[in-house]
Amino acid sequence: MGGRLLEVPLFDTATPLEPLREELRAAVLAVMDGGRYILGPEVQAFEEEFAAYCGAGHAVGVANGTEAITIALRAMGVGPGDDVVVPSFTFYASAEAIPPTGANPVFCDVDPETYCVTPETVSAALTAKTKAVIAVHLFGNLAPVAEIEALGVPVLEDAAQAAGSTGEQGRPGSLGTVATFSFFPSKNLGCFGDGGAITTGDGDLAERVRVLRFHGSEDKVHYERVGYNSRLDEIQAAILRVQLPHLDRFADGRRRVGRDYEQAGLGELVGLPRATPGAVPAWHLYVIASERVEPIEAALTAAQVGCRAYYRTPVHRQEAMRRWAPAVELPGTELAAARHLAIPMSPTLTRGQVETVVSGVKTATS
Ligand SMILES: Cc1ncc(COP(=O)(O)O)c(C=O)c1O
């Protein structure tokens, strides 16, 4: 998993779960023995526990973090002809989820030091047709949701990378009008397949999400809307319920590794990720910045250290997004795209592994 043959893997989904193996196995077997596989007691219990964890009134399990965005946008009333503002420096799915609603993505810039949108970059992209803004909590950092909602537009938090993060105003999932999560296996809270969730404090919106994830129906007899078959399944929910009580501990581990990188002197060699004001990120990816990113990548690879540039080509320059490419330049996005590099991060990375990574970076920068 995650390239474990390397000296230091880029991510490690196995070691943190080792102490939970028996509990996970028992949870899966209990679902098998219970015979309820779709929308049963595990999903319901996980939805309640996850809503409580996030500090949101409601959570609804869905099939993955991409459909979570499409469904949440539709439940917000986004439809054909509307504009939805989205950063270009993000995983492709943040924008890909917009056209299926009939709306148009309008790309905005990011701050190249926090990798998040700002009220200014969002403001510059607002149009008369803007119906919603997708604020991505990229790499586990927190986008300034309250300041963006103060501009008068509802915010969907794309919190796919930010489970376990927190901030002065609360946790992701409770900061905007609605939030979406991915439980893809490598995420901070990951299942053993695909999974996702939508959280919101608005009971009516949560009800619309429930109908949309279930073929646009409340009873599978009457169909009110054209919806989706997009459900978190019972086995994945059971796996997530075993892990959720440990999420804060895993998040603390990620923060500890961030501090270890700082103490090992990494900040003297390259730019370190900067938390937004008031944010306490559970770094999903630990992303450094440098003008010498290619030699660093080569040195780390030679030292058997996992590293990867995730978004070298930003979304607005991807072939499929050409018709929505903005007329203006996005300088923060271009800078972040050119200079970023993810280096190893997991809750159980050791101090020795951190030192191996930092000495690999040093050979390329000194
Ligand atoms: C920022 C972001 N948004 C959306 C997604 C989509 O989630 P999924 O892969 O579960 O569809 C991901 C992760 O893959 C992501 O990192």
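The values are calculated or read from the model by the stated rules, or taken from the named source; none is laboratory data. This is a predicted model, so every value here is computed, not measured. So basically every Cβ, Gly included, is an ideal-geometry build from the backbone, and we count neighbours across all protein chains shown. Keep in mind that these areas ignore ligands, DNA and RNA; they rest on the heavy atoms of the full protein, side chains included. Shrake-Rupley method; radii C 1.70, N 1.55, O 1.52, S 1.80 Å.
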### Query
Mind checking which residues of the stretch 225-257 are assigned to a helix (DSSP H, G or I) and more than 18 Å from E47 (Cβ to Cβ)?
H246, D248, R249, F250, A251, D252, G253, R254, R255, R256, V257
### Whichever residue in the stretch 81-92 is open to solvent by 10 Å² or more (accessible area, probe 1.4 Å) and within 15 Å of the ligand (Cβ to nearest atom) and, among such residues, is farthest from the chain's Cα centre (by Cα)
Y92
#### Entry: Single unsatisfied condition, E297 versus (1) touching a His at 6+ places or on another chain (Cβ under 7 Å); (2) more than 16 Å from the ligand (Cβ to nearest atom)
(1)
### Message
Checking the conditions here, which among A143, A162, A206 is farther than 28 Å from A26 by Cβ, in contact (Cβ under 8 Å) with a residue 40 or more places away in the chain and in contact with a Gly (Cβ under 6 Å, 6 or more places away or on another chain)?
### Response
A162
### Query
Just to be sure, is L5 away from the ligand (no atom under 16 Å from the Cβ), in a loop (DSSP other than H, G, I, E, B) and without any contact (Cβ under 8 Å) to a residue 40 or more places away in the chain?
yes
### Summary
The residue from T13, T70, T66 that alone is outside any loop (DSSP other than H, G, I, E, B), in contact with a Gly (Cβ under 9 Å, 6 or more places away or on another chain) and open to solvent by less than 60 Å² (accessible area, probe 1.4 Å) is T66
### Query
Which fully enclosed strands (runs of 3 or more DSSP E) of the stretch 97-209 have 3 or more residues being modelled with pLDDT under 95 and within 16 Å of the ligand (Cβ to nearest atom)?
none
### Task
Filter the stretch 219-235 for residues that are open to solvent by 20 Å² or more (accessible area, probe 1.4 Å) and not hydrophobic (A, V, I, L, M, F, W, C) and give the result.
D219, K220, H222, Y223, E224, R225, G227, Y228, N229, R231, D233
### Query
Is at least one residue of the stretch 42-53 open to solvent by 40 Å² or more (accessible area, probe 1.4 Å), within 16 Å of the ligand (Cβ to nearest atom), closer than 30 Å to A103 by Cβ and under 19 Å from the mean Cα position of the chain (by Cα)?
no
### Query
Restricting attention to the stretch 267-285, does a residue exist that is in a helix (DSSP H, G or I), touching an Asp or Glu at 6+ places or on another chain (Cβ under 9 Å), of a type outside the set (F, W, Y) and surrounded by 20 or more Cβ atoms within 10 Å (Cβ to Cβ)?
no
